[in-house]
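Following: one structure in structure tokens, then a few remarks.
The values are calculated or read from the model by the stated rules, or taken from the named source; none is laboratory data. Computed from a prediction, not measured in an experiment: that's the story for all the values here. In this analysis, Cβ positions are derived from the backbone assuming ideal geometry, glycine residues included, and neighbour counts consider all displayed protein chains. Ligands, DNA and RNA are excluded from the accessible area calculation, which covers all protein heavy atoms including side chains. Shrake-Rupley method; radii C 1.70, N 1.55, O 1.52, S 1.80 Å.
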Amino acid sequence: QVHLVESGGGLVQAGGSLRLSCAASGRTFSNSAMGWFRQAPGKEREFVGVISRFGGDTYYVDSVKGRFTISRDNAKNTVYLQMNSLKPEDTAVYYCAASPSWGIPISPIEYNYWGQGTQVTVSS
């Protein structure tokens, strides 16, 4: 079992930065790939990026590549999403999620546990 609690969302101006945190409980954390997704009003949930179990590999959707960075600290059972150069189109509810998958899971169906979501709003 993995329980996820997100924090760090808020309102920021375009060009600014935010760091989202996802604190996990459960000793299976280090064996889980950790992904970030987002969902804007009226749109489907979108994959943002993922870090593999043990942190060996990362993958990002093209629209955030070079601006967002995912990292994890297994000793603290925490995964981070550092967001720089934010744009209004980044506005969405952001979710962290845990997956038992080997490799790099992209689809939401590959994730077993989800955080509650945190709102990120980027003003122009």
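For the pair Ser71 and Gln1, how long in nm is the line joining their label points, each one 7 Å along Cα→Cβ?
Taking the two extended label points, one gets 3.1 nm.
Given the protein chains as shown and a 1.4 Å probe, how many square angstrom of Arg72 are accessible, to the nearest 10?
Only protein atoms counted, so the area is about 40 Å².
What full-extension length gain, to one decimal in nm, is calculated for Asp62 and Gln39 as 0.36 nm per residue of separation minus the Cα-Cα distance?
6.7 nm
Alpha carbon centre of the range 1-50 versus the range 61-77: separation in Å?
After rounding, the separation between the Cα centres reads 9 Å.
Could you order Asp57, Asp73, Asp90, Asp62 by accessible surface area, starting with the largest, using a probe radius of 1.4 Å?
Asp62, Asp57, Asp73, Asp90
Ignoring ligands, DNA and RNA, what percent of the 1.4 Å accessible area of the range 1-78 is carbon and sulfur?
It is 47 percent, rounded to a whole number.
Rounded to the nearest 0.05, what FRET efficiency do Phe54 and Gln13 have when you use their Cβ-Cβ distance and R0 = 41 Å?
For R0 = 41 Å, the calculated efficiency reads 0.70.
I want to verify a result. In a Gaussian network model of the chain, Cα cutoff 10 Å, which of these has the top mean-square fluctuation: Ala98, Ala75, Ala40?
Ala75
Please go through the range 1-93 and write out the GluC sites (Glu not before Pro) that DSSP classes as loop and that have at most 13 other C-beta atoms within 10 Å.
Glu44
For the range 2-68, taking Cα atoms only, what is the radius of gyration to one decimal and the Dmax to the nearest whole Å?
Answer for the range 2-68, Rg first and Dmax second: 13.4, 38 Å.
Could you sort Val61, Val120, Val5 by accessible area so the largest value comes first, with the probe set to 1.4 Å?
Result of the area sort, largest leading: Val5, Val61, Val120.
Which whole-number percent of Cα pairs in the range 81-124 have a distance greater than 14 Å?
Taking all Cα-Cα pairs of the range 81-124, the fraction more than 14 Å apart is 58 percent.
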